[in-house]
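Please read the structure below before turning to the comments.
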Amino acid sequence: MTNPTPQTMGQQFGRRSWAEPWKIKMVEPLRMVSRDERERALVEAGYNTFLLRSDDVYIDLLTDSGTSAMSDRQWAGMMIGDESYAGSRNFYHLEDAVQRRYGFRHILPTHQGRGAENLISQVAIKAGQFVPGNMYFTTTRLHQELAGGHFVDVIIDEAHDPEDLHEFKGNVDLAKLQALIDREGAEQIAYVSLAGTVNMAGGQPVSMANIRAVRELCTRHGIRLFLDATRLVENSFFIQEREAGFAERSIAEILLEFCSYADGAWMSAKKDNLVNIGGWLAVNEDDLFEELRNLVVVYEGLHTYGGLAGRDMEALAIGIDESVQDDHVRSRIGQVRYLGELLTDWGIPIVQPVGGHAIFLDARRFYPHIPQDEFPAQTVAAELYLDSGIRSMERGIASAGRNATTGDHNRPKLELTRLTIPRRVYTQAHMDVVAESVKAVYDVRESTRGLRMTYEPKYLRFFQARFERL
Ligand code: P70
């Protein structure tokens, strides 16, 4: 019998293939780790992929944060870093790039996203106020709580269902937001915290229609609207692809319009913006900016460097311009989808539709016999590492932490393991290896047992918690 003619994945899915709009000129060797080494490393790490050494990892899909490959132009920019303490020329390049691409008036650099979250939370939240948002994010919610705020989830219900095919699962449920305002009073709402795409929901986008409506509601009640802009470029891609009237508009144009409805934004530039470290905070109001500019010197550094070297700010300014190019975003999300299509084809349960930055394995359906208190998503991450040295991240009950009042576990509906794809780093062949490993772990799922937590830190426990096999 002869084999059928091999087909590219593009052909198999009835379309032409996409390709990266770059070629590789420097490589970083990867180390294959033996099964014995992996077993030892996993036990030493307490079954927590955050505690593995990267030298023990083969393909690292822990995060897309700070793991992107910079371009030759960004590296060239590093050489023209102006390391003056005050008024570095690279700061003005960064300020200009954020103003042009995101449209906000005032900009402060920060060492990374959570530095900006800390500043905005301290300045814009009064103790006891509520902060409605489209699903929690770990660091964002923690800073809101440390500032005395209470986070309230106002995302649409569909976002909590990994099988629901809603095209904009990041949308705010306006009725939930209105009900909160009616119940607590507008003066008790610190601001609306809107993220696009929504990380914990699976990288799901917010539509332009939704932010317009949220803006309208906020204006009516005199409430500010701030964005988590970490993956807003990727959000813009989904608007271009899915929302009527945007197909002919560039991602850069869509991004600018989206930001025009907000009063400001915080940014982890380690994602969309293609740098290994950095963040920024941007607002339009003069008075608010004055307060933030004063506070930044307490936590980050002078307002013209905010914890970054001049060279970091230059790489970031260049990265911002590169990050909004249509061909870049198309190939970045194309690669994520490629992996998603393989897994879907093989019947492996993942969050649908596939989002912008990662594939999220649905651990509840992966291991239906493991109860949530035995950490099914953490178990998937551990088994995947054991099988092939691939590192992923738990995004379920361990990440959700404990209820601040009752002390019990938060039990999120979504119990997920994230395979996060760094930008411009891995090839299609790496995605094939990943897909095959997920399948191998899935094939032996019935004999897999869960985990018990043996050490639990107080803050953001998932980073440093330890587990053992049951
Ligand atoms: C990730 C990273 C960071 C992040 C984010 C959104 C939507 C803010 C931040 C904070 C890193 C991470 C953070 C906490 C737990 C696990 C991983 N997300 N908003 O891998 O920015 O890290 O620069 O302080 O996704 O998703 P930063």
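Within region 306-320, which residues are surrounded by 18 or more Cβ atoms within 10 Å (Cβ to Cβ) and either out of contact with any Leu (no Cβ under 6 Å at 6 or more places or on another chain) or of a type in the set (Ser, Thr, Tyr) (or both)?
307, 308, 310, 311, 312, 314, 315, 318, 320
Tell me whether region 325-337 contains one or more residues that are touching a strand residue (DSSP E or B) at 6+ places or on another chain (Cβ under 9 Å), of a type in the set (A, V, I, L, M) and farther than 27 Å from residue 250 by Cβ.
No, there is no match, as no residue in region 325-337 is touching a strand residue (DSSP E or B) at 6+ places or on another chain (Cβ under 9 Å), of a type in the set (A, V, I, L, M) and farther than 27 Å from residue 250 by Cβ.
Under 7 Å between Cβ atoms, which residue pairs at least 6 apart in sequence (or on different chains) link something in region 51-64 that is closer than 17 Å to residue 461 by Cα and touching a residue at least 24 places away in the same chain (Cβ under 8 Å) with a partner that is part of a helix (DSSP H, G or I) and among the small types (Gly, Ala, Ser)?
Within 7 Å, the pairs are 52/41.
Between 123, 98, which is away from the ligand (no atom under 11 Å from the Cβ) and buried (at least 23 other Cβ atoms within 10 Å of the Cβ)?
The conditions single out 98.
Out of region 281-329, which residues are in contact with a helix residue (DSSP H, G or I) (Cβ under 8 Å, 6 or more places away or on another chain) and among the polar types (S, T, N, Q)?
Within region 281-329, 304, 323, 325 qualify.
Where in region 349-445 are there helices (runs of 4 or more DSSP H), lying wholly inside it, with at least 1 residues that are within 16 Å of the ligand (Cβ to nearest atom) and in contact with a Gly (Cβ under 8 Å, 6 or more places away or on another chain)?
376-388
Taking the condition of being under 26 Å from residue 329 (Cα atoms), of a type in the set (A, V, I, L, M, F, W, C) and free of Cβ contacts under 8 Å to residues at least 12 places away in the same chain, how many residues in region 1-46 meet it?
So the count comes out to 3.
Can you report the number of residues in region 230-287 which are in contact (Cβ under 8 Å) with a residue 12 or more places away in the chain, more than 16 Å from the ligand (Cβ to nearest atom) and among the basic types (Lys, Arg)?
Result for region 230-287: 1.
Report, by residue number, each residue of region 225-239 that is among the small types (Gly, Ala, Ser) and either closer than 16 Å to residue 168 by Cβ or surrounded by fewer than 24 Cβ atoms within 10 Å (Cβ to Cβ) (or both).
Residue satisfying the conditions is 236 alone.
Yes or no: region 137-147 includes at least one residue that is among the acidic types (Asp, Glu), in contact (Cβ under 8 Å) with a residue 60 or more places away in the chain, away from the ligand (no atom under 12 Å from the Cβ) and at negative phi.
Yes, region 137-147 has at least one match.
Go through (1) free of Cβ contacts under 8 Å to residues at least 24 places away in the same chain; (2) open to solvent by 20 Å² or more (accessible area, probe 1.4 Å); (3) outside any loop (DSSP other than H, G, I, E, B) one by one and return the number of the condition residue 295 breaks.
Just one mismatch for residue 295, condition (1).
Has region 459-470 got any residue that is farther than 29 Å from residue 136 by Cβ and of a type in the set (S, T, N, Q)?
So far as region 459-470 goes, no, none of its residues is farther than 29 Å from residue 136 by Cβ and of a type in the set (S, T, N, Q).
Looking at region 65-77, which of its residues are buried (at least 18 other Cβ atoms within 10 Å of the Cβ) and in a helix (DSSP H, G or I)?
Correct list: 74, 77.
Of everything in region 32-64, what is part of a loop (DSSP other than H, G, I, E, B), more than 16 Å from the ligand (Cβ to nearest atom) and either β-branched (Val, Ile, Thr) or under 13 Å from residue 388 (Cβ atoms) (or both)? Give them in sequence order.
32, 33, 34, 58
The values are calculated or read from the model by the stated rules, or taken from the named source; none is laboratory data. The model shown is predicted, which means the values in this text are computed figures rather than measured ones. Neighbour counts are summed over all protein chains in view; Cβ atoms, including those assigned to glycine, are modelled from backbone coordinates with ideal geometry. Note: accessible area is taken over every heavy atom of the protein model, side chains too, but ligands, DNA and RNA are not part of it. Shrake-Rupley method; radii C 1.70, N 1.55, O 1.52, S 1.80 Å.
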